[in-house]
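The values are calculated or read from the model by the stated rules, or taken from the named source; none is laboratory data. Just so it is clear, the model here is predicted, and its values are computed rather than measured. Ideal geometry is used to build each Cβ from the backbone, glycine not excepted, and the neighbour counts take in all protein chains shown. Keep in mind that these areas ignore ligands, DNA and RNA; they rest on the heavy atoms of the full protein, side chains included. Shrake-Rupley method; radii C 1.70, N 1.55, O 1.52, S 1.80 Å.
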Amino acid sequence: MDAADGNCLGWAARDPSGLLSPYKFTRRSVGSDDVSISIVYCGVCFADVIWTRNKLGHSNYPLVPGHEIVGIVREVGSNVNCFKVGEYVGVGTYVDSCRECEYCDSELEVHCSKGAIFTFDSVDVDGTITKGGYSSHIVVHQRYCFRIPENYPPQLAAPLLCAGITVYTPMVRHNMNQPGKSLGVIGLGGLGHLAVKFGKAFGLKVTVFSTSISKKEEALNLLGADNFVISSDEKQMRALDRSFDFIINTASGDISFDLFLSLLKTAGVLVLVGFPSEVKFSPGNLAPGAKTITGSMTGGTKQTQEMLDFCASHKIYPEIELIPIQYSNEALERLIKKDVKYRFVIDIANSLK
C-alpha cells in the first residue's frame with residue numbers, strides 16, 4: 001500500500017485480548033526535521049505483549065506495537081542533512097524528547113526529565129498517540145533515527161534497537177568491556193543471547209546461568225559462552241563463590257539475589273535489565289563486598305549509533321526467526337512461552353499488503 005497520501009497500514013490490538021488485525025491510520029506529514037521511513041523489518045519485543053494486553057493498565061486502543069524498526073528513507077525534511085533517500089535507517093524505543101534537559105543535552109534522551117515519547121502508545125507533541133513499527137511507514141524526527149551500517153544485514157539490525165542497546169548500555173556504563181574479566185548472564189532469551197555475544201566481543205569470560213539444561217549446547221556452541229550453569233543446582237552455584245566481576249540479569253522470573261550476590265567479587269556489579277516481581281536481598285550480602293545492584297533501560301541516541309557500529313565492526317549478529325505480519329499473533333503467544341531462538345523479526349515489506 002502506498003502511504004504517500006498520509007495513510008498508513010498497520011496491525012493493531014483493539015482491546016486487552018491483544019489480538020492484532022489490520023488497521024488503517026494517518027501518519028503526520030513530513031516536517032522540516034523529519035525523516036519518512038518505509039518500514040522493511042520490525043523486531044518483536046516482550047513490550048509488544050505487555051502493551052497490547054494492557055498489562056500496565058494504561059494502553060490506548062487501537063494500539064500498533066513495535067519498537068525495533070528498520071526501514072528505507074523515502075523522504076526527508078528541508079533541515080535533514082544526515083540521512084538520504086534510499087538509505088537504511090533504524091528507529092528504537094522512543095521517537096522524541098524535550099531536547100532541553102540535562103539528559104537530552106547529554107544524549108541520554110531515554111531519561112528525558114519530561115519523559116521520552118515512546119515509539120508506540122505515547123502522547124506525541126501534537127497530542128496524538130504514537131503508533132509503532134507493525135506498520136507500512138513511520139515519520140520520525142531525525143535526532144531519533146539511526147544509520148544502519150552499510151555492511152550490516154538490515155533484518156538482523158532490528159533486534160539491536162531494543163534488545164541490543166538494552167544490554168550494551170549497562171555493559172559500557174559499568175566497564176564490562178575489559179578483556180579477561182568475568183561476566184555472568186542470567187537468562188538466554190532475546191536479551192541474554194546478545195549479552196553473551198557482546199561479552200565475547202569485549203573479551204570477557206562468559207558464563208550463562210539458566211534453569212533449562214536444553215539451552216546448554218546452544219549457549220556454548222552457537223553463542224560461544226565459556227561456561228554453562230544450571231542456576232537451580234546449588235552445588236554448581238556455590239562452587240562459583242566470589243568469581244564474577246559482573247552479572248547481568250536478563251530474566252523476568254524471580255531469582256535468589258542473595259545467591260547471585262555471593263557470586264560477585266569485591267566491587268562486583270549486578271545489573272537488572274529484566275523485571276523480576278521483586279528485588280529482595282540481605283544488606284549483609286551487599287555492603288561487606290562493596291557490591292552494586294543497579295538497573296538499566298535501553299540507551300541514548302549517541303550510544304545507540306555507537307552500538308550499531310560496534311556490531312557491524314565486530315560481526316555481532318542476533319539469532320532471529322523471520323516471520324510474516326500475519327503470524328504476529330502466534331509469535332506473541334510463542335514469546336510468552338519463551339519458544340523463540342532468539343528474536344522474532346517481522347518481514348513487513350514482503351507481508352504487509
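Please provide three numbers in whole Å: the alpha-carbon extents of region 1-63 along the principal axes, with the largest listed first.
If we take the Cα atoms of region 1-63, the spans are 36, 21, 21 Å.
Compute the long axis of helix 190-201 from its Cα atoms, compare it with the longest principal axis of the Cα atoms of the chain, and write down the angle in degrees, 0 to 90, nearest 10.
Between the helix axis and the principal axis of the chain, the angle is about 70 degrees.
Along the Cα→Cβ direction, 7 angstrom out, place labels at Phe275 and Glu100. What is the inter-label distance in nm?
Rounded to a tenth, the inter-label distance reads 3.0 nm.
Among the trypsin sites (Lys or Arg not before Pro) in region 277-320, which ones are in a DSSP loop with at most 14 other Cβ atoms within 10 Å of the Cβ? Mind listing them?
Lys280, Lys315
For the chain, with a Gaussian network of springs between Cα atoms less than 10 Å apart, report the residue from Asp48, Asp126, Asp33 with the top mean-square fluctuation.
Its mean-square fluctuation being the largest, the pick is Asp126.
Between the DSSP loop rule and a limit of at most 13 other Cβ atoms within 10 Å, which trypsin sites (Lys or Arg not before Pro) in region 178-218 are left?
Sparse-neighbourhood loop trypsin sites (Lys or Arg not before Pro): none present.
Please grab the % of Cα pairs in region 215-280 that end up more than 13 Å from each other.
Everything past 13 Å amounts to 68 percent.
How much of the calculated P(r) for region 1-138 lies past 27 Å, in percent of all Cα pairs?
Tail of P(r) above 27 Å: 18 percent of Cα pairs.
What's the center-to-center distance, using Cα atoms, between region 253-318 and region 201-220 in Å?
16 Å
Run lengths n ≥ 4 of DSSP H only: what is the helix-derived mean residue ellipticity at 222 nm for the chain, with -39500 (n - 2.57) per run over all residues, to the nearest 500?
-5500 deg cm²/dmol
What is the spin-label model distance, in nm, from Glu107 to Asp233 if the labels are put 7 Å beyond Cα along the C-beta direction?
For Glu107 paired with Asp233, the spin-label model returns 4.4 nm.
Please get the size of the charge dipole for the chain, origin at its Cα centre, with Cβ charges of +1 on Lys and Arg and -1 on Asp and Glu, quoted in debye to the nearest 20.
Here the chain has a charge dipole of around 700 debye.
Give the Kirkwood hydrodynamic radius (Å, one decimal) of region 276-353, defined as one over the mean of 1/r across all pairs of different Cα atoms.
16.7 Å
Have a look at Pro324, Pro283, Pro154 and tell me which one the Gaussian network model of the chain (Cα, springs below 10 Å) gives the largest fluctuation.
Residue with maximal mean-square fluctuation among Pro324, Pro283, Pro154: Pro283.
For the chain, take the alpha-carbon Rg, divide it by the Kirkwood Rh, and send me Rg/Rh.
Value, to two decimals: 0.98.
What angle do you read, to the nearest 10 degrees and between 0 and 90, between the alpha-carbon axis of helix 163-173 and the longest principal axis of the chain?
Once rounded, one gets 50 degrees.
Quick one: of the DSSP bridges fully inside the chain, what percent are antiparallel, nearest 5?
55 percent
Projecting each Cα onto the charge dipole of the chain (Lys/Arg +1, Asp/Glu -1 at the beta carbon, about the Cα centre), which of Tyr94, Ile117, Gly180 comes out farthest on the positive side?
Going by the charge dipole, the pick is Gly180.
Given springs between every Cα pair under 10 Å in a Gaussian network model of the chain, which of Asp124, Asp233, Asp96 has the largest fluctuation?
Answer for the Gaussian network model of the chain: Asp233.
On the accessible surface of region 1-118, probed at 1.4 Å, how many percent belong to carbon and sulfur atoms?
50 percent
Taking θ = phi - 60°, what integer Hz values does the Karplus form 6.51 cos²θ - 1.76 cosθ + 1.60 yield along region 32-41, in sequence order, with x for Gly and Pro?
4, 9, 9, 10, 9, 10, 7, 6, 9, 9
Report the antiparallel proportion of the DSSP beta bridges in region 110-257 as a percent, rounded to a multiple of 5.
Details: 1 of 14 bridges.
Taking every DSSP beta bridge with both residues in region 110-257, the antiparallel ones total about 5 percent.
What's the angle, to the nearest 10 degrees (0 to 90), between helix 301-313's Cα axis and the longest principal axis of the chain?
The answer is roughly 70 degrees.
Output the relative contact order of the chain, whole-number percent, from Cα pairs under 8 angstrom with separation of 6+ residues.
This gives 18 percent for the chain.
If you filter region 140-241 for GluC sites (Glu not before Pro), then keep DSSP loop positions with at most 10 other Cβ within 10 Å, what is left?
Filter output for region 140-241: Glu150.
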